[in-house]
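To start, the structure under review is shown below, and the notes come after it.
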Amino acid sequence: MMAERFDVAVVGGGMVGSAIAVGCARRGARTVLLDEGDVALRAARGNFGLVWSQGKGDGMPAYAAWTRESLRHWDSFAEAMSGAAGTDIGFRRKGGLIFTLGEQEWEQRVEDVRRLHNQIGGASTPVRMLDRRELEELIPGTPLGPRVLGASLAPEDGHVNPLLLLRGMHAAFRAAGGTHRPGAPVDAVRPGFTLHRGAESIAAERVVIAAGLGTPKLAAMLGMPVPVHPVRGQNMVTERLPPMLPLPASAIRQTAEGVVQIGVSYEENLWETATTVKELARMAARAVQVLPPLRHARIVRAWGALRPMTPDRYPIYAQSQAHPGAYVAVCHSGVTLSAAHAGPLAEGILAGRLPDLVAELGPDRFHADAA
Amino acid sequence: MLTRPDPGSVTILFEGAPIRARAGESVASALLAAGILAVRTTPVSGAPRGPFCMMGACFDCLAVVDGVGGVQTCLVPVREGMRIERQHGARDVAAEDAA
Amino acid sequence: MRVDLAIIGAGPAGIAAATEARAHGLSVLVLDENPAPGGRIWQAIEARAAKDDEDRAAQEAVRAFRASGAEARFGATVWCVEPEGRVYWSEQGRARDAEATQVLIATGTTERPLPIPGWTLPGVMTVGAAQIALKTGGLVPDRDVWIAGQGPLLLLYATQALAAGGRIAGVLDLAEPSGRRRALAHLPAALRAPSYLARGVAWRLALRRAGVPWIRAAEIRAEGAARLERIRFVADGAVHTRPASLLLLHDGVIPSVQITRALGCAHVWDEAQRCWKPTTDMWGRSSHARIAIAGDGAGVGGAAVAALSGRIAALGIAAALGRLGEAARDSAAAPLLAARAKHLAVRPFLDTLFAPLPIRPEDDTILCRCEEVTAGRVREAVALGCLGANQLKSFTRAGMGPCQGRMCGPSVAAVIAAERGVPVQEVEPYRLRFPTKPLTLGELAALHEQEEALEPHTS
């Protein structure tokens, strides 16, 4: 039987795959997006909704530059996705905060900001420290706890409703003529390229493996070793509350609906998305120190998700040398980087050459140390 | 409507006005007996809501009980002198904290 | 706190299990969010005068439980059970925990949601809700109170309400007539437990004698501005409008699977009862070694079956903990198992007769009460590629509110299934996580501070 033929087949319907697929489809490529079923180990469900550059790129300036490139595209990207979703996806860019509790955290944060600035300088977005008084001026009316000595502020950061973003990307993809095939994981990819999924086979000129934790298995079939392991992140949300935190912060943000989202744990190598009281309690203890009135707020929901993590925590992008036309894209910053994935990355994939900005983000970096 | 011949011997306050309740019943039950069906408005659309399941599952009977918002009134037994207020939209935890 | 057995829920199953487990020397902790034992069916049984033999038996069961030496905590809302046996609950605004060698979940059922236009208006409640108001507050229906839906509880409540001096404007029977014909095939087996059939007949007779109109109806709507003012329905091919002060809805009950789902216990689709239930063996053991389930939460069988299942589960647990030999367990369980089988003989008949109503909501009918998500929004999300309830939740916020999908889970799954053209059991239900009931961040934070105090930093 003849397999169906596409210009691009994207494997993975999460944040990364959806963004690449929408970018390809909007550029006129005949694109198919192959997605798992309803309970995929989808990191897209576990993210925090931050569009974030602050603190990123320590030891890897290329990551900072790529993040900054994505931020540059976010306004127009958000507008397009809002249009497709038929609703405002909630992108707000008024700055992002990292609160510091106590002297030690304050000093550590000052040092981290300075070190990162010296290391990557202009490659990243600006960050500055705000003391308690400056912080209160920036967010008057936010009921900060007494141990909040200040915060670092990245004025170009923001946040988005990640669920509406994903919905918007799916809607935009369909609107651009893309073919969405949810329901089952891809079992195999053969050079050429043919993708097998149960009894179904799909042919494509180009294939992009953006399958999160499922990436290594498929990438290996195309001669690309991609080291990825799971890191569990737990999240919880409160009941809806009146506005009290106008800017998103690391591990605490209030959504447009009024829900306060509190994160986030970092638990290595667990293939398990359950929640644990121990981690939730730790996260709660910090949240009520930042905003003491939250101690009265009820938690209505908590969940865990698995992030696909690389050994150095930075993304991996590559085109297979053995099988040109086959690409991988895997990262845990799928929200922040979605504008870059739908923009320059998709453009590069269609042109047959990845953008220069991601040249240093290939998997070779994990094997080059021996040299 | 729901009625009963014996209004009970406990007095609670709803929006400042006294209503009679029976020892052992829930706040939601006492409100229904007093003909009060709507106890809150939703934070989503502002629509009025009242007790629906009476067994702690639906979270529609939320009200402010003795200054604490978002309380499931169907699970809280009445107490003499208890103050109940309607909850309007999202719960203001900052105001509760200041009180 | 450390106990041999923690029991969640003090209804017929939990009470019976606690009493039996204590008889074999187990230390037992019972947690229930209500102020007193009895669960739904025996709610406030200690405070009421017994009306019949059934009430007297229930009061005896509660008395035996109170005297058993089990530690009972009421107003205790369980929000997490860990597979290793640690149980967390909130009590008087404080989070507490206990370690149990075995956990028995006896959390019963919730009413199957019956989403109709206007069902979020104040003045629309469930039949179960009105029954609780009757039992705990002596509240009876009066003037323009309508009951709509189907199921034995609907009949039982109507009868109880009339006996207590209430008045009902009418019953709108929404069941499709085919159920009655199909049920006849199961009648011979049902005759093994004739008391259930006798009761059903008596309820219908009581309604007829009281002159309560019984109307076969469809397409019911609740209408009003700030509260229910009237109902509208189709009967005999015509649209009828009636003033209504209260509308009570019912479509049977389904197991409460919040805790067993969050625990990751295996579940199975019960085709006869059209619901999910946790997989259990004859002793009530789940797919997790330390977790057992008894009562209607493991499949709806009614109070008598629940009490028997509670005792059977306790015998199994006592044996598993080495407090009872296998032979002693088996001989003690034999009459209980036989009695349970006899009671269960009526289920195929009842399950067919009271088959749940088809869910075919109009686009503007709200399915998710918390987030106010309509059936139309759910259908749009399916058109965008949502195959199950979890992607749908992401796309629509359905199931994200404080009730955690208790009020919309079955109807959301039914709408997805209809849109996709697949059986409802092929639609992945909401994935649930602890905490399964809200608690405050302050309560949770206190658990961390408590732990910090116990384990000084090594760094």
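The values are calculated or read from the model by the stated rules, or taken from the named source; none is laboratory data. Predicted model only: the values in this text are computed from it and were never measured. Glycine gets a Cβ as well: all are built from the backbone with ideal geometry, and neighbour counts include every protein chain shown.
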C:G11 fails exactly one of (1) surrounded by fewer than 19 Cβ atoms within 10 Å (Cβ to Cβ); (2) more than 22 Å from C:A163 (Cα to Cα), namely (1)
Out of (1) within 12 Å of chain B (Cβ to nearest Cβ); (2) part of a helix (DSSP H, G or I); (3) over 22 Å from the mean Cα position of the chain (by Cα), the one C:R56 does not meet is (1)
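Could you please give the count of residues in segment C:96-114 that are within 12 Å of another protein chain (Cβ to nearest Cβ) and buried (at least 23 other Cβ atoms within 10 Å of the Cβ)?
Looking only at segment C:96-114, we keep the residues that are within 12 Å of another protein chain (Cβ to nearest Cβ), and these are C:96-97, C:107-114.
Next, from what is left, pick out any that are buried (at least 23 other Cβ atoms within 10 Å of the Cβ): C:107-114.
Of the residues in that region, 8 qualify.
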For segment C:59-76, pairs from a residue that is closer than 17 Å to C:L5 by Cα to a residue that is of a type in the set (S, T, N, Q) and assigned to a strand (DSSP E or B), with Cβ under 9 Å and 6 or more apart or across chains, are C:A76/C:S90
The residue from A:A359, A:A322 that alone is over 18 Å from the mean Cα position of the chain (by Cα), assigned to a loop (DSSP other than H, G, I, E, B) and touching a residue at least 60 places away in the same chain (Cβ under 8 Å) is A:A322
From the option list C:G211, C:G165, C:G151, single residue qualifying as out of contact with any helix residue (DSSP H, G or I) (no Cβ under 6 Å at 6 or more places or on another chain), small (G, A, S) and within 30 Å of C:R431 (Cα to Cα) is C:G151
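Could you tell me whether C:R199 is surrounded by 14 or more Cβ atoms within 10 Å (Cβ to Cβ) and of a type in the set (K, R)?
Numbers: surrounded by 14 or more Cβ atoms within 10 Å (Cβ to Cβ): yes; of a type in the set (K, R): yes.
Yes, satisfied.
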Filtering segment C:118-138 down to residues that are of a type in the set (G, A, S), at the interface with chain B (Cβ under 7 Å from one of its Cβ atoms) and out of contact with any helix residue (DSSP H, G or I) (no Cβ under 9 Å at 6 or more places or on another chain) yields C:G123
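What do you reckon, is A:T238 within 9 Å of chain C (Cβ to nearest Cβ), of a type in the set (V, I, T) and in a loop (DSSP other than H, G, I, E, B)? Explain how you work it out, then say what you get.
Details: within 9 Å of chain C (Cβ to nearest Cβ): yes; of a type in the set (V, I, T): yes; in a loop (DSSP other than H, G, I, E, B): no.
So A:T238 does not fit the description; no.
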Among the residues of segment C:158-168, the number that are away from chain B (no Cβ under 11 Å) and crowded, with 18+ Cβ neighbours inside 10 Å is 5
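Taking segment C:330-349, which residues are of a type in the set (A, V, I, L, M) and in contact with a helix residue (DSSP H, G or I) (Cβ under 7 Å, 6 or more places away or on another chain)?
So in segment C:330-349, the residues of a type in the set (A, V, I, L, M) come out as C:332-334, C:336-339, C:341, C:344-346.
C:A332, C:A333, C:L336, C:L337, C:A339, C:L344, C:A345, C:V346, listed by residue number.
Matching residues to (1) assigned by TED's automatic domain parsing to the domain that holds A:L361; (2) more than 15 Å from A:V290 (Cβ to Cβ); (3) crowded, with 16+ Cβ neighbours inside 10 Å:
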site	(1), (2), (3)
A:N47	yes, yes, yes
A:P61	yes, yes, yes
A:H73	yes, yes, yes
A:A78	yes, yes, yes
A:E103	no, yes, no
A:V127	no, yes, yes
A:P140	no, yes, no
For segment A:274-296 the number of residues that are under 22 Å from the mean Cα position of the chain (by Cα) and more than 8 Å from chain C (Cβ to nearest Cβ) is 2
Restricting segment C:282-318 to residues that are buried (at least 23 other Cβ atoms within 10 Å of the Cβ) and polar (S, T, N, Q), the one farthest from the chain's Cα centre (by Cα) turns out to be C:S286
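Specify which of the listed residues (A:V328, A:V300, A:V335) is of a type in the set (V, I, T), in contact with a helix residue (DSSP H, G or I) (Cβ under 8 Å, 6 or more places away or on another chain), surrounded by 19 or more Cβ atoms within 10 Å (Cβ to Cβ) and under 30 Å from A:L138 (Cβ atoms).
Details: A:V328 fails: under 30 Å from A:L138 (Cβ atoms); A:V300 fails: in contact with a helix residue (DSSP H, G or I) (Cβ under 8 Å, 6 or more places away or on another chain).
Going through A:V328, A:V300, A:V335 in turn, just one is of a type in the set (V, I, T), in contact with a helix residue (DSSP H, G or I) (Cβ under 8 Å, 6 or more places away or on another chain), surrounded by 19 or more Cβ atoms within 10 Å (Cβ to Cβ) and under 30 Å from A:L138 (Cβ atoms): A:V335.
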In the set B:G69, B:G46, the lone residue that is out of contact with any strand residue (DSSP E or B) (no Cβ under 7 Å at 6 or more places or on another chain) and more than 7 Å from every other protein chain (Cβ to nearest Cβ) is B:G46
Checked C:A158, C:A206 against criteria (closer than 21 Å to C:R242 by Cβ, hydrophobic (A, V, I, L, M, F, W, C) and in contact with a helix residue (DSSP H, G or I) (Cβ under 6 Å, 6 or more places away or on another chain)); the one match is C:A158
Residue set B:I12, B:I84, B:I19; condition more than 26 Å from C:H250 (Cβ to Cβ), buried (at least 24 other Cβ atoms within 10 Å of the Cβ) and more than 11 Å from chain C (Cβ to nearest Cβ); output residue B:I84
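Restricting attention to segment C:14-35, and to residues there that are small (G, A, S) and out of contact with any strand residue (DSSP E or B) (no Cβ under 6 Å at 6 or more places or on another chain), which single residue is surrounded by the most Cβ atoms within 10 Å (Cβ to Cβ)?
Within segment C:14-35, the subset small (G, A, S) is C:14, C:16-18, C:21, C:23, C:25, C:27.
Now drop any that are not out of contact with any strand residue (DSSP E or B) (no Cβ under 6 Å at 6 or more places or on another chain), which leaves C:16, C:23, C:25.
On the way: C:A16: 27, C:A23: 18, C:G25: 13.
Out of the qualifying residues, it is C:A16.
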By my count, helices (runs of 4 or more DSSP H) wholly in segment C:336-430 with at least 2 residues that are within 23 Å of the chain's Cα centre (by Cα) and more than 10 Å from chain A (Cβ to nearest Cβ) are C:347-353, C:409-420
Note on A:V186: of the conditions (1) among the β-branched types (V, I, T); (2) surrounded by fewer than 16 Cβ atoms within 10 Å (Cβ to Cβ); (3) in contact with a Lys or Arg (Cβ under 8 Å, 6 or more places away or on another chain), unmet is (2)
Open item on the list: Residues that are closer than 30 Å to A:A172 by Cβ, assigned by TED's automatic domain parsing to the domain that holds A:S152 and modelled with pLDDT under 95: does segment A:106-118 have at least one?
Closed with: no
Residues of segment B:31-41 being more than 7 Å from chain C (Cβ to nearest Cβ) and touching a residue at least 40 places away in the same chain (Cβ under 8 Å), in sequence order, are B:L31, B:V39, B:R40, B:T41
Note on A:G168: of the conditions (1) part of a helix (DSSP H, G or I); (2) surrounded by 14 or more Cβ atoms within 10 Å (Cβ to Cβ); (3) assigned by TED's automatic domain parsing to the domain that holds A:I252, unmet is (3)
When (1) assigned to a loop (DSSP other than H, G, I, E, B); (2) outside the structural domain of A:H296 (by TED's automatic domain parsing); (3) crowded, with 16+ Cβ neighbours inside 10 Å are applied to A:I202, the one that fails is (1)
Within segment A:220-260, the residues that are within 25 Å of B:G69 (Cβ to Cβ), under 22 Å from the mean Cα position of the chain (by Cα) and of a type in the set (D, E, K, R) are A:R253, A:E257
- Answer yes or no as to whether C:G85 is surrounded by fewer than 24 Cβ atoms within 10 Å (Cβ to Cβ), of a type outside the set (S, T, Y), facing chain B (nearest Cβ under 9 Å) and farther than 29 Å from C:A225 by Cα. no
Of the candidates B:G89, B:G50, B:G46, the one satisfying the condition of being at pLDDT 95 or above, under 23 Å from A:L241 (Cβ atoms) and crowded, with 24+ Cβ neighbours inside 10 Å is B:G50
